[in-house]
Amino acid sequence: QFTGNAGGTITACDPHRRIAATWEFGGGVSWVVLTLAPEGNGTRLTLEHSAELNPMWPQYGAGAVGIGWDLAFMGFGL
């Protein structure tokens, strides 16, 4: 559970490679998968967040569901 944000349940875990979880917020449930893979001298992090299409998508696009992941990855970069 993230304070003031979403919670969920870890549904799969392959240490150092992959973690999958539900993302539960505001009565809705979606699914998140984080995958780590070696790449050169580093590691590539891939995030997949799957959800049913929000009915406000046609009018607002990605802004209909917020910009949280964008800000999280910007924070990682900083």
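Step by step: first the residues of the range 24-50, then only those that are assigned to a strand (DSSP E or B) and polar (S, T, N, Q), then the one that is nearest to Phe73 (Cα to Cα). Which residue is that?
Among those residues, the one meeting the criterion is Thr46.
Which of the residues spanning the range 30-52 are surrounded by 14 or more Cβ atoms within 10 Å (Cβ to Cβ) and under 21 Å from Asn5 (Cα atoms)?
The answer is Ser30, Trp31, Val32, Val33, Leu34.
Across the range 1-23, what is the number of residues that are open to solvent by 80 Å² or more (accessible area, probe 1.4 Å) and assigned to a strand (DSSP E or B)?
4
Which of the numbered conditions does Pro55 fail, given that it passes all the others? Conditions: (1) surrounded by 10 or more Cβ atoms within 10 Å (Cβ to Cβ); (2) at pLDDT below 95.
Tallying (1) surrounded by 10 or more Cβ atoms within 10 Å (Cβ to Cβ); (2) at pLDDT below 95, Pro55 fails exactly one: (1).
The values are calculated or read from the model by the stated rules, or taken from the named source; none is laboratory data. Note that the coordinates shown come from a computational prediction; the quantities given were computed from them, not determined experimentally. No Cβ is skipped: glycine too gets one built from the backbone with ideal geometry, and neighbour counts run over all protein chains shown. All accessible areas refer to the heavy atoms of the entire protein, side chains included, with ligands and DNA or RNA removed. Shrake-Rupley method; radii C 1.70, N 1.55, O 1.52, S 1.80 Å.
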